[in-house]
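Student: Before anything else, here's the structure in question.
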Amino acid sequence: MSAAVLDRPEVPSNDSAPRRSWLPILWTLPPVLVVLGIAGYPILRVLTESTQTPSGRGTEVWTSVLGSETFRDALWRTVSIAVCATAGCLVLGTFLAIVLAFVPFPGSGPVGRLIDTILTLPSFLITLAFTFLYGTAGAVNALIAELTGATTPVIDFLTTPLGVILAEITYFTPFVVRPVLAAFAQLPREQLDVAASLGASPWRVLRQVVLPEAWPALAAGGSLVLLLTLNEFGIVLFTGAKGVITLPALIYTRGIVTFDLPGAAVLASVQVLLSLSLYLGYRFVFARFIARPKEQ
């Protein structure tokens, strides 16, 4: 027998190759089934309920709900509050992160931990705190009445869209502060020192060196806040803002108060569609305009 024949590597049998090719699928199947059971079934159940009519199945409920002025008002109110609250969170969160990262002051550590603590609190606690402070019988109005002798509340914004927006900004701002602080921590201090040594003003360093490093973190934090505010219900409910009807509040009214389950299912389907569209849009923007420049 020749040496070439002895040195030839063994060829795996054809029976083991198909078995190995099925292993990744077998390992992936259990988590996929779990995700489908947890997330897929409720969505399918809601979609099925939305087609329920007194005469069987159909799209009459969809046509009635989507064509109503109540739905259009709730949709506009939901989107406008979410956008305004997200913009406020981005501005306030960026300011707080810059102060905590680059402006040393006594007590910065406790302030940072206090901001983190807000993340652990339920949203209705922020609304109750706003009520105690800025409500018609709150501490601020009581102080103003004592100082000026006013007999009617001077501050009365809590039950308006502005009150909801301010409460959401207070609660969701830490979701922007945390990722921006993490981005600032990755910024080499040598870049700041070099820019300062070349005569750049602090505002120019902030604009041209610091903030460009924070854009991915701002995009991540802002998209998360937009998703959360789009689906926020507790703050709207506990402010008692009767004229502020958002989609989550309308879903609650249709499903729990009036027990209109098909109508509530239609609204819930629209809410899920909004959230999924926003998430997919964020993933596209992040992959197209944020992740790609960093890879280059």
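Student: Is there a residue in segment 244-255 that is assigned to a helix (DSSP H, G or I), among the β-branched types (Val, Ile, Thr) and more than 20 Å from the chain's Cα centre (by Cα)?
Tutor: Yes, some residue in segment 244-255 is assigned to a helix (DSSP H, G or I), among the β-branched types (Val, Ile, Thr) and more than 20 Å from the chain's Cα centre (by Cα).
Student: For the structure I just gave you, tell me whether residue 168 is among the acidic types (Asp, Glu) and either buried (at least 18 other Cβ atoms within 10 Å of the Cβ) or not in a helix (DSSP H, G or I) (or both).
Tutor: yes
Student: Working only within segment 104-142, note down all residues that are assigned to a loop (DSSP other than H, G, I, E, B) and closer than 18 Å to residue 228 by Cβ.
Tutor: 119, 120, 121, 122
Student: Restrict the check to segment 165-179 and report whether at least one residue is farther than 25 Å from residue 239 by Cβ and modelled with pLDDT of 80 or more.
Tutor: yes
Every residue, every condition in (1) in contact (Cβ under 8 Å) with a residue 60 or more places away in the chain; (2) farther than 24 Å from residue 222 by Cα; (3) out of contact with any strand residue (DSSP E or B) (no Cβ under 7 Å at 6 or more places or on another chain), yes or no:
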residue	(1), (2), (3)
69	no, yes, yes
80	yes, no, yes
95	no, no, yes
98	yes, no, yes
110	no, yes, yes
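Student: Looking at the structure I just gave you, is residue 263 in a helix (DSSP H, G or I), open to solvent by less than 10 Å² (accessible area, probe 1.4 Å) and touching a Cys at 6+ places or on another chain (Cβ under 8 Å)?
Tutor: no
Student: Specify which of the listed residues (276, 228) is in a helix (DSSP H, G or I), within 15 Å of the chain's Cα centre (by Cα) and without any contact (Cβ under 8 Å) to a residue 12 or more places away in the chain.
Tutor: Going through 276, 228 in turn, the sole match is 276.
Student: Return yes or no: is residue 108 hydroxyl-bearing (Ser, Thr, Tyr) and touching a Gly at 6+ places or on another chain (Cβ under 9 Å)?
Tutor: When the stated conditions are applied, residue 108 does not pass them.
Student: I'd like to know if segment 5-18 contains one or more residues that are under 22 Å from the mean Cα position of the chain (by Cα) and modelled with pLDDT under 85.
Tutor: Scanning segment 5-18, I find no residue that is under 22 Å from the mean Cα position of the chain (by Cα) and modelled with pLDDT under 85, so the answer is no.
Student: Inspect all residues belonging to segment 32-45 and state whether any of them is modelled with pLDDT under 80, over 27 Å from the mean Cα position of the chain (by Cα) and surrounded by 11 or more Cβ atoms within 10 Å (Cβ to Cβ).
Tutor: Looking for residues that are modelled with pLDDT under 80, over 27 Å from the mean Cα position of the chain (by Cα) and surrounded by 11 or more Cβ atoms within 10 Å (Cβ to Cβ), one finds none in segment 32-45, hence no.
Student: Which ones in segment 125-156 are touching a residue at least 40 places away in the same chain (Cβ under 8 Å) and either surrounded by fewer than 17 Cβ atoms within 10 Å (Cβ to Cβ) or farther than 15 Å from residue 235 by Cβ (or both)?
Tutor: Once the filter is applied, which keeps residues that are touching a residue at least 40 places away in the same chain (Cβ under 8 Å) and either surrounded by fewer than 17 Cβ atoms within 10 Å (Cβ to Cβ) or farther than 15 Å from residue 235 by Cβ (or both), segment 125-156 yields only 128.
Student: Among the residues of segment 47-75, which ones are at pLDDT below 85 and assigned to a loop (DSSP other than H, G, I, E, B)?
Tutor: If the condition is that a residue be at pLDDT below 85 and assigned to a loop (DSSP other than H, G, I, E, B), then 51, 54, 55, 58, 59 are the ones that fit.
Student: Among the residues of segment 192-223, count how many are modelled with pLDDT under 80, hydroxyl-bearing (Ser, Thr, Tyr) and assigned to a helix (DSSP H, G or I).
Tutor: 1
Student: Is it fair to say residue 78 is at pLDDT 90 or above and under 20 Å from residue 183 (Cβ atoms)?
Tutor: no
Student: For residue 85, work out the one condition from (1) open to solvent by less than 50 Å² (accessible area, probe 1.4 Å); (2) farther than 30 Å from residue 179 by Cα it doesn't fulfil.
Tutor: (2)
The values are calculated or read from the model by the stated rules, or taken from the named source; none is laboratory data. Since we're looking at a predicted model, the values are computed, not measured. Ideal geometry is used to build each Cβ from the backbone, glycine not excepted, and the neighbour counts take in all protein chains shown. All accessible areas refer to the heavy atoms of the entire protein, side chains included, with ligands and DNA or RNA removed. Shrake-Rupley method; radii C 1.70, N 1.55, O 1.52, S 1.80 Å.
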